[in-house]
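Accompanying notes for the structure given below.
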Amino acid sequence: MVHSGSRGLGTQVLEEHKAKYAYRGFVEDTEEAIQYLEKHDNAMNWARCNRSLIAHRFLSMLIGSEVQPECGDNETTSDGSTRVLDIFHNYLSKWTFIDENGEDIDLWLHRKGAAPSNCGPVVIPGSRGAFSYLVEPIAEEQIQQTSAASLAHGAGRRWTRLKAKKAGQRMNKENLKTTDLGSKVICEKTELLYEEMPEAYKNIQAVIDDLVNFNLVKVIAVLRPLITYKNRVRVYE
């Protein structure tokens, strides 16, 4: 499972917009809106390619030979592996809402830290020290309308990064490289090791229980982490 985005490209699109237009929105189908959505879509495509590259670099290490990543329509790589899910959780899309008169109304939906529930199964990750969940969204129309076709995209932070960093500085750094589940953490950037410690995140089981109790999803599988790889600060030959 790979969790990566556009590596700053989406932020760059936003900052360019703010510098020129502040927080003003666009009228749909104007030249400004069309250009913005083109940049938005480019950032999404770049994020998808980043995830593909990361996944296949790991596959290359596992099988001992180079695997060529695929980020287009062909989802099967040179070693026969197949991407089964690719989910965005910060993006714009059109969604048809039903208004109080029962009429359809097409609006732009911004999912910010929310996964779509109208695109098939979704992985909802916990922290690096917790399980993650493969879920199937409930496709009933009323449920989709009530939830704006969206789900929690993860456990969510309980502590700010600053608070987690301060807490981590009081801990033995080596102890943070093995989780309570016995999984290993590879992260040579100390600040990041602290900021993303399991204690900094909410209880993923409580999040999943809420989604199930509100009849938004059913759980298909529970995923146990073995290795969490964040970064290396130096290159190994």
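The values are calculated or read from the model by the stated rules, or taken from the named source; none is laboratory data. Please read these numbers as outputs of a predicted model, since none were measured by experiment. Every residue, glycine as well, gets a Cβ built from its backbone with ideal geometry; the counts of neighbours run over all protein chains shown. Remember, those area values only see protein heavy atoms, side chains included, never the ligands or the DNA or RNA. Shrake-Rupley method; radii C 1.70, N 1.55, O 1.52, S 1.80 Å.
If you go through the range 1-25 and pick out every residue that is touching a residue at least 24 places away in the same chain (Cβ under 8 Å) and open to solvent by less than 80 Å² (accessible area, probe 1.4 Å), you end up with 7. Tell me which residues, restricted to the range 26-42, are touching a residue at least 12 places away in the same chain (Cβ under 8 Å) and either open to solvent by 90 Å² or more (accessible area, probe 1.4 Å) or among the aromatic types (Phe, Trp, Tyr) (or both). Correct list: Tyr36, Lys39.
Looking only at residues of the range 97-117 that are open to solvent by less than 70 Å² (accessible area, probe 1.4 Å) and not aliphatic (A, V, I, L, M), we find that the one that is farthest from Met44 (Cα to Cα) is Gly102. How many residues does the range 110-127 hold that are basic (Lys, Arg) and free of Cβ contacts under 8 Å to residues at least 24 places away in the same chain? Number satisfying all stated conditions: 1.
From the list Leu211, Leu216, Leu176, Leu162, exactly one residue is over 18 Å from the mean Cα position of the chain (by Cα), over 30 Å from Arg232 (Cα atoms) and of a type outside the set (Phe, Trp, Tyr). Which is it? Only one candidate qualifies: Leu216.
Pick out the one residue from Val233, Val185, Val222 that is of a type in the set (A, V, I, L, M), in contact with an Asp or Glu (Cβ under 6 Å, 6 or more places away or on another chain) and open to solvent by less than 100 Å² (accessible area, probe 1.4 Å). Step through it out loud before you land on a result.
Numbers: Val185 fails: in contact with an Asp or Glu (Cβ under 6 Å, 6 or more places away or on another chain); Val222 fails: in contact with an Asp or Glu (Cβ under 6 Å, 6 or more places away or on another chain).
Testing whether each residue is of a type in the set (A, V, I, L, M), in contact with an Asp or Glu (Cβ under 6 Å, 6 or more places away or on another chain) and open to solvent by less than 100 Å² (accessible area, probe 1.4 Å) leaves just Val233.
Please find, within the range 1-39, the residue that is farthest from the chain's Cα centre (by Cα) out of those that are modelled with pLDDT under 95 and among the basic types (Lys, Arg). Per the criteria, the residue is Lys20.
When residues in the range 119-169 are screened for being open to solvent by less than 70 Å² (accessible area, probe 1.4 Å) and more than 20 Å from Pro225 (Cα to Cα), 16 of them pass. Among the residues making up the range 188-219, those that are assigned to a helix (DSSP H, G or I), within 28 Å of Pro137 (Cβ to Cβ) and open to solvent by less than 70 Å² (accessible area, probe 1.4 Å) are Pro198, Ala200, Ile204, Ala206, Val207, Ile208, Asp209, Leu211, Val212.
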